[in-house]
Each structure stands twice: as C-alpha cells, then as structure tokens.
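All of the numbers you see were taken from the coordinates with simple rules; none came from a lab. Because the structure is a prediction, the values reported are computed rather than measured. Neighbour counts run over all protein chains shown; Cβ positions are idealised from the backbone, glycine included.
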Amino acid sequence: MTITVIHPNVLAGEAPALLPVAPASADHLDKQHELGQFLTPQPVAEFMASLFDIHRDEVRLLDAGAGAGALSAALVGRWCRVPRKPKRVSVTACEIDPAQIVPLRARLDSCRRECERAGISFSATVLNEDFIAAAVPMVRGDLFALPAPCFNTAILNPPYRKIRSDSSTRLLLRSAGIETSNLYAGFVALVTRLLERGGELVAITPRSFCNGPYFQPFRRDFLKTMSLRRLHVFESRSAACSGDAVLQENIIFHAVKGAPRPERVVVSSSSGAPGGVVTERTVDFHEIVSPDDTEQFIHLPADDRHEQARRAMQRLSTSLLELGLSVSTGRVVDFRAKEFLREQPGLDTAPLIYPCHFNGGFVHWPKEKTRKPNAIVSNEQTRELLVPAGVYVLVKRFTAKEERRRVVACVYDPRQIPAPLVGFENHLNYFQVNGHGLPMTLAKGLAAFLNSTIVDVYFRQFNGHTQVNATDLRSLNYPAKAELEALGRKVSDPGMPQEELDALVEKELF
Ligand SMILES: C[S@@+](CC[C@H](N)C(=O)[O-])C[C@H]1O[C@@H](n2cnc3c(N)ncnc32)[C@H](O)[C@@H]1O
C-alpha cells in the first residue's frame, strides 16, 4: 500500500537535492570537483536529521566531509527541539578544505549556544584533515594510531569522486579491507567501521552503489554490517548541479549497525520540487534485496507501478544462461581505435554500429548525416574488435532517467547490412550466442520484451544512474525461450508504438 505523506516543514522548498558550494571562477569549479563539494540544502539536511529514531542520553556524532556543518547543525537543532533531549552531545567534524573550517567552526559555535539554551552539554572537535588518511589507521588498529573513537551516530554527505586504481586513497582503503572506486563509498564504509554496535547512520549519496559490478564488494560489506531501515529517493536530478553530480540520482538512507536484518523497510520518494510531497511505502526487505541475488542489487520500489512490475518480473523464471544467451559490451572503444575509423564504408571496412544507428526496432546503417563514423577498417589489427555477421539484439549503454525508456533495445539484421563482420561500439551492449548471432524470431521477441514498459519500470528501481550495465541485463529474469519466440512471431518491429508493444507483451508473457 502506498501512503502519501506530506511532511510539514520537511523538504518544503526542497529543490535542489544538492547545491554547488558557490557559483564562481574556473579555479573554484576545479576545487569543487576535486573535493566533491556539493552542500546539502537546509530542508534536505532537516529531513535527514528527522530520520534518526533511537534516543540516546549521550550522543557521539561523526560528520565526515562536514563542509560548513549543515548536517551536524540540522541534527543538533532537532535534538534541541524534541521533548526528550540527549544530555550530552559531542560532535567530531572532519573537513579537508581549509576554506570551510571558519564557517564550520562558526556553525558549531551556534550549535553550542543552541544546546546551552536547551540544557544539553555540548562539545565539538573540528579536524581539518583528510578523513580517509585519518580514519584508515584507526580502523586497521595500527600500533601508533589513536584508538578508533566510538561513535554512536553519523550523518554524512560524502564527497563524490572516482578514485583511480593506482591512487594512494585506493591503496589506503584497500589496506583497511575496503575495495571501491568511488570516494563516497569509501567514506560510508569507513564510517560504518567507526560506528559502535547499535550506532545509527543517515547519509545522502549517489544511487550508483545500488547496482553495478563495481559496487558489489561495497554492497555486500554494507548490507552485512548495517541493517537498512529507510531509503529515500529524489525523483528529479537537480538542475543546479553540474558535472557528475547531476548525472546521478541521490538517495538518502538510514541504517543501524549490527542490528538484525529488518523484515520491512520504508521506501519513500519526493520529486525534488518545492512543496515537498513525500510518498512513503513499507516493503518487505526481500523486495529491496532479493535473497537469491548474488549481486545484492538494492531495489527501490517507490510506488505501485514499481511494485506491479516487480511482481510481474518475479513470475518469469528463466535466466539468460538458461536461454543459452550472453550479453557483452561493444568491443570498439572509438577513441582507442581512431586510426581505423571511417566516416563512410569502403572496400576494406566493416560496419561500425553506434546508438545513433538505432531506428525504431532495427539498426539502420549507414547513416548519412552523423558525426559518428559509420565504419571501421577490417584487418588483422581490428579483427578482435569485430564479431561475425548475425542477428544481434543491441541495447544502449547510456540512457538518462528523463528519457522515455531506460532500456532501449534494437535488432541488428545482417540481411539489411550485407557484411561478413561487424563492430559494435562500446556505448552498446549486445546479446549473443557463443560469439555468434541469435535466430531472428528469438531476437525480435527478446528486443520486444526488453523494450516493454514492465522491464523499464522494473529496471528503474535498481538503476538510478545513466549506465545500463551488461550485469544489469544479466540480472533480469527472462521469459522462457518458447515464450520469447512466440512473442517474436507476433512482432514485426520491436520498436512498434509503446502501447501496442506493451499490450502484446502483456498478452504473450504475463
Ligand atoms: C558533498 S560535500 C558535503 C558537505 C557537507 N557535509 C554538507 O552536507 O553540506 C563533501 C565535503 O567533503 C569534503 N571532502 C572532500 N574530500 C575529503 C576528504 N578526503 N576528507 C575530508 N573531507 C573531504 C569536501 O571539501 C566537502 O566539503
């Protein structure tokens, strides 16, 4: 059941989910990007503060990547207002950017005054340090490191930035048993280790950790250590953010360390638009993380449509492997093969297929007016990049949530494109049978299934970024082969109008 809750004062005037520090010079933007500086607007900080639900007489709060202290201040503000107040609050705020330290201290000073008025004893420690470098030795228990402080509360909007595989940050994290390619996941993993049993964490992070192969170790570690209680997703991405942050949907989660896995989790969503209507539903934990899912994807069934799509997809029980199919990512990375790319086909070339060649349910090639090359030289050096001609189902690898569909599939038909070999560019995934094509009927049925609204709605629950990974496609349940073939016989074009396609898919498969 979906309950629509309007939280007064919470998330009112919510947009955007995250704010760039301040519009400024190119240097400033570089620093903002380098430090992942997107500050939490007050309504969002207050909403996050409202999610803590364990009373403690003594609160030991950690705010890692504290910026100007918006999150700590929101939480302290809440404690000062509630009838049952903590007796003592100590805040440890860690922030690497010296420019944030003065406003951070000022914010914590005003927290002190507020606590004094409310009769709460308050202390604060500001660390102008790299949180990773400071926390890793404690977590590792190094001989000369300070003993890990025991926090019972943590609030977090960590920096979002990729960490290179050879960087010192990556190696530091690895030395503490944390394997991740993004700083935000490293922050969360460290914070969970610094929390005592029963400690609560509320964080706002990109949604990308919910699926995808890169975050699998992080998901496993997180779900093993923390008991998820609440997930909140913002339906729209902020127009005010730029760069990577805007490509990401943000999620807020509340979790408790070491507590038993909950039976039910509250999943909520809000548009991000002013007004702040929050739609809430309570769902079984196994709807969030399926017990049979080795990848441990985190699903966000935020409304009834998601729920229906999830139930429908659960009724399908065939894996890709059982269908005898596999899915791969296009082997031609165009910027690495520049010297072999050709605008138009020639005698020595093979077709090179990009998403721009999708036209309805089939590939149309070559394209006259396109900035993308239509062909790749076919020789010894490129042979490994090409696949033998055949019927392949292609799926775009990058689609935004604002697009009509996140999963966009199309059939490569070699009868329309006579060539012995073909190159699929890296912005595509392709379904294949042992390196070769599929029977046409199966391919049409599969493409139609993938293009259906049910698959799309289901997909959006666990994938909130722009990539459609091969792992995501592997993780889906599929109809049986005979069902896909029956669908394929009815479909003339898997790019047919959506309503017609959905009606057909529903009739044949569900
Ligand atoms: C996304 S901002 C959030 C700031 C603040 N928590 C808020 O919610 O408004 C992340 C903050 O982490 C800081 N930061 C980035 N790398 C850091 C590091 N290695 N150690 C500590 N702080 C870091 C950035 O300077 C930035 O202020």
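Are there any pairs with C-beta distances below 8 angstrom linking a residue in segment 52-69 that is over 19 Å from Glu34 (Cα atoms) to a residue that is polar (S, T, N, Q) and within 11 Å of the ligand (Cβ to nearest atom), with the two at least 6 apart or on different chains, and if so which?
Leu61/Ser72; Asp63/Ser72
Restricting to segment 473-510, give me the number of residues that are of a type in the set (Gly, Ala, Ser) and surrounded by fewer than 19 Cβ atoms within 10 Å (Cβ to Cβ).
Of the residues in segment 473-510, 5 are of a type in the set (Gly, Ala, Ser) and surrounded by fewer than 19 Cβ atoms within 10 Å (Cβ to Cβ).
Just one of the numbered conditions (1) hydroxyl-bearing (Ser, Thr, Tyr); (2) within 30 Å of Leu194 (Cα to Cα); (3) buried (at least 18 other Cβ atoms within 10 Å of the Cβ) is not true of Ser270; which one?
Exception for Ser270: condition (2).
Out of all the residues in segment 131-167, which are among the polar types (S, T, N, Q) and assigned to a loop (DSSP other than H, G, I, E, B)?
If the condition is that a residue be among the polar types (S, T, N, Q) and assigned to a loop (DSSP other than H, G, I, E, B), then Asn157, Ser165, Ser167 are the ones that fit.
For segment 429-448, what are the residues that are in contact with a strand residue (DSSP E or B) (Cβ under 7 Å, 6 or more places away or on another chain) and more than 22 Å from Val333 (Cα to Cα)?
Leu438, Ala443, Lys444, Leu446, Ala447
Scan segment 139-161 for residues that are within 16 Å of the ligand (Cβ to nearest atom) and surrounded by 15 or more Cβ atoms within 10 Å (Cβ to Cβ) and jot them down. It would help to see each step written out before you state the result.
Going residue by residue through segment 139-161, those that are within 16 Å of the ligand (Cβ to nearest atom) are 139, 149, 151, 153-161.
The answer is Val139, Phe151, Thr153, Ala154, Ile155, Leu156, Asn157, Pro158, Pro159, Tyr160, Arg161.
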